[in-house]
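First the structure, in the form of structure tokens, and then the observations on it.
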Amino acid sequence: MLRAGGDPGKVVFSGVGKTAAELKRALEVGICCFNVESESELAALDAEAAALDKRAPVSLRVNPDVDPATHPYISTGLKESKFGIPIESALAVYQKARALPNIELRGVACHIGSQLTTLTPFIDALERVVALVGELADAGIELSHLDLGGGLGISYNEERPPEPDDYVLALLDALQTHGTRYQKLRILIEPGRAIVGNGGLLVSQVLYLKLGETKHFAVIDAAMNDLMRPSLYDAWHDIAPVRVDAPRERRVYDVVGPVCESGDFLGRNRELGVAPGDLLVIASAGAYGASMSSNYNTRPRAAEVMVDGARFHVVRRRETLEELLAFEALPPEAN
């Protein structure tokens, strides 16, 4: 983020497993806030801040136990989740944090999940967080912001999620009902996927068509290491030929990659008219496509290309096999 020219003063740092080195670096550059997710993390952050003679700006990430009605792997606001502090325990933890000499309480944070397609879970979570803010104020703990996280979904298939402005207006309207105490709080949100999810595409080439008695396969040169979401979440990504002007017989295919896993698929039961050599576009790869990609099966990651009208720029070049092997070495006795 810093190398890209980002402002550390606008950074909030979430995550259940922040390392001591990460805490120290974030304190050194002066981030906006740490979203602390456990009492042990709070103690570690206080110690790191003391060593640097600083006070760490802190929100406690609370778990409001709200069902976001999304995939269980990306639900983060239920009691059984590893994320956050149970909201019923939050007041006691805030009181402990207030007593720590190198902690400065700034706010309360909450993030209930990802790919939400209705506003109701957001408002339910907000109502529980607002009730906590009132409890804290009654206990003499005044906060300056609410970090309401992100999670607003996009349309992958037939979903019709609210637009970002509808999401923001619903949050503001809900806060308006609680009076001036809450209207002075700064609101932080992290819309992420809603901004970039449908701004990215994965382009792949058809290698072979494998026709069987019960199922047909379109084998392509992209794989689960390039776009993990279908294999991990059984997620739907629209798949279509780049060119539609060439006549092709249409069949129902599973679109699969070359990795030696039955879970290596990009789409199942897709009706396509394709031939070997054709290019396919796999949609909605702008969120968690490149960031979740890997070198599994010793596969170099794809190049990343930014398109601006009629111009394009390679913003990350394709990796080579030589680069992947450059980090490996034989033990001394083998030389």
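Observations
- Condition check for residue 277: at pLDDT 95 or above and surrounded by 15 or more Cβ atoms within 10 Å (Cβ to Cβ): no
- Enumeration of residues in the range 210-248 that are closer than 22 Å to residue 319 by Cβ, surrounded by fewer than 17 Cβ atoms within 10 Å (Cβ to Cβ) and among the acidic types (Asp, Glu): 221
- Elements of type strands (runs of 3 or more DSSP E) contained in the range 236-335, each with 1 or more residues being in contact (Cβ under 8 Å) with a residue 12 or more places away in the chain and acidic (Asp, Glu): 250-256, 265-273, 304-308
- Test set (1) more than 15 Å from residue 103 (Cβ to Cβ); (2) among the hydrophobic types (A, V, I, L, M, F, W, C); (3) crowded, with 18+ Cβ neighbours inside 10 Å - residue 27 fails condition number: (1)
- Qualifying residue in the range 186-200 (condition: without any contact (Cβ under 8 Å) to a residue 60 or more places away in the chain, part of a loop (DSSP other than H, G, I, E, B), touching a strand residue (DSSP E or B) at 6+ places or on another chain (Cβ under 7 Å) and in the same structural domain as residue 36 (by TED's automatic domain parsing)): yes
Listed here are the residues, each with its yes/no results for (1) among the hydrophobic types (A, V, I, L, M, F, W, C); (2) free of Cβ contacts under 8 Å to residues at least 60 places away in the same chain.
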residue: 132; (1), (2): yes, no
residue: 138; (1), (2): no, yes
residue: 151; (1), (2): no, no
residue: 160; (1), (2): no, yes
residue: 164; (1), (2): no, yes
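- Annotation: residue 49 fulfils all but one of (1) at pLDDT 95 or above; (2) touching a Phe, Trp or Tyr at 6+ places or on another chain (Cβ under 9 Å); (3) of a type outside the set (Lys, Arg); (4) crowded, with 21+ Cβ neighbours inside 10 Å; the unmet one is (2).
The values are calculated or read from the model by the stated rules, or taken from the named source; none is laboratory data. Computed from a predicted structure; not experimentally measured. We place every Cβ from the backbone using ideal geometry, glycine too, and count neighbours over all the protein chains shown.
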